[in-house]
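Worksheet for the structure shown next.
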Amino acid sequence: MSLNGKVAVITGSNSGIGLGVAEELAKAGATVVLNSFTDRDEDHALAAELAERTEGRAIYIKADMSKADECRALIDQTVERFGSVDIIVNNAGIQHVEGIDTFPTEKWDAIIAINMSSAFHTTAAALPHMRKAGWGRVVNIASAHGLTASPYKSAYVAAKHGVVGMTKVVALETAQEPITANAICPGYVLTPLVESQIPDTMKKYDMDRETVIKQVMLERQPSKEFATTEQIGGTVVFLCSDAATQITGTTISVDGGWTAL
Ligand code: NAD
């Protein structure tokens, strides 16, 4: 599955799934653009370290995915630097867990902007370049929560369902072109995002860490195992490969059977 010569932007890729996806795409031969809003030395160091292992095929570009102009600037800067953008992986995401009656409006707005609207802006900016190049792949990292729901995750569930819906529209608008658009719906992957939910859940249910993982998180996942960032990255590589040319407008669940229940 060679992606030699392809340029991939992965939004929100200084940790967790995004970083895993960048690794797998780079291993497959793509040049990767790592992104986050933070612009710290560590972020540049992550890209430099990946570049060292991949003949210089990784850079870091700062852009805040909560802002439409920065989403579009991320694509513009990638094209300025490399001449094209062939693969866009919309991965940036945040979470807030609270009942809908007290759910803060600013958290709702931020989750919708970062988890959903950013994918609209980057895709809109990238499509003309993909059309010009005659090849393109849009891969949206949705969630099992894009197909099912959980209490206390209203904004996240709404955003992820929105991403799944928008993916289908992009697929239909590009169906007769050499461009595909698909969504991946992971179940639980033990990333900083999931780690950050554990202490509150421990307090809420008066459980230790291991019990939270077993009885709250993996309870919904029939495999009883976390998926790994490598497995999500591998699924992205597959969707970008020639084997997946006719796969468009669909969702691939990487959830240990969660959505089969
Ligand atoms: P993570 O916290 O490790 O990564 C989130 C990434 O988004 C980070 O790189 C962060 O810098 C970036 N980000 C946050 N706000 C941003 C902003 N304003 N601009 C640019 N980047 C921003 O979490 P993760 O679990 O790796 O999550 C990645 C994606 O996978 C998210 O969309 C998440 O919803 C989705 N997902 C995760 C799981 C899971 O169990 N971990 C399950 C299903 C879906």
### Task
Take the Cα atoms of the range 1-150, build their convex hull, and give its volume per residue in Å³.
116
### Task
Take ILE75, ILE213 and order them by how many other Cβ atoms sit within 10 Å, fewest up front.
ILE213, ILE75
### Query
For the chain, what relative contact order do you get, as a whole percent, if you take Cα pairs closer than 8 Å and at least 6 residues apart?
20
### Query
What Kirkwood hydrodynamic radius do you get for the chain when you take the inverse of the mean 1/r over all pairs of distinct Cα atoms, in Å?
18.4
### Query
Can you give the angle from 0 to 90° between the axis of helix 154-173 and the longest principal axis of the chain, with both taken from C-alpha atoms, to the nearest 10?
30
### Message
Residue by residue through the range 223-239, what is 3J(HN,Hα) from phi via Karplus (6.51 cos²θ - 1.76 cosθ + 1.60, θ = phi - 60°)? Round to whole Hz and write x for glycine and proline.
### Response
5, 6, 10, 5, 6, 10, 5, 5, 5, 5, x, x, 5, 5, 4, 4, 5
### Query
Using a basic spin-label model with each label point 7 Å from the Cα along Cα→Cβ, how many nm lie between LEU172 and GLN231?
3.2
### Task
Please work out, to two decimal places, the log10 of the ratio I(q)/I(0) at q = 0.17, 0.19, 0.21, 0.27 Å⁻¹ from a Debye calculation in which every Cα of the range 86-167 carries one identical scatterer.
-0.65, -0.76, -0.88, -1.24
### 30 Å Cα-Cα reach of LYS62 towards lysines, excluding residues that sit fewer than 8 places from it in its own chain
LYS6, LYS27, LYS107, LYS132, LYS153, LYS160, LYS168
### Task
Let me have the relative contact order for the range 114-171, percent, based on Cα pairs under 8 Å that are six or more residues apart.
39
### Query
What is the sum of charges around ASP86, taking Lys and Arg as +1, Asp and Glu as -1, for the other residues whose C-beta is under 10 Å from the C-beta of ASP86?
+2
### Query
What residue among GLY187, GLY93, GLY83 has the largest mean-square fluctuation in a Gaussian network model of the chain, using Cα springs under 10 Å?
GLY83
#### Entry: Nitroxide proxy distance, nm - points 7 Å out along Cα→Cβ at LYS203 and THR259
3.3
### Summary
Interchain or sequence-distant (5+) residues whose placed amide H lies within less than 5 Å of the amide H of HIS96 are TYR156
### Sites GLU55 and TRP135 - FRET efficiency at Förster radius 25 Å, r taken between beta-carbons, to 0.05
0.70
#### Entry: Fewest-first sequence of SER36, SER143, SER66, SER223 by Cβ atoms within 10 Å of each Cβ
SER223, SER66, SER36, SER143
#### Entry: Pair PHE103, LYS214: separation of 7 Å Cα→Cβ label points (nm)
3.2
### Task
Amide H neighbours of ILE184 under 5 Å, at least 5 residues apart or on other chains, H built in the peptide plane: list them.
ASN140, ILE141, ALA142, ILE252
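The numbers here are math on the coordinates, done by the rules we state, and not lab data. It should be emphasised that the depicted structure is a prediction, and the values quoted were computed from it without experimental measurement. Virtual Cβ from ideal backbone geometry, glycine too; neighbours counted across all protein chains shown.
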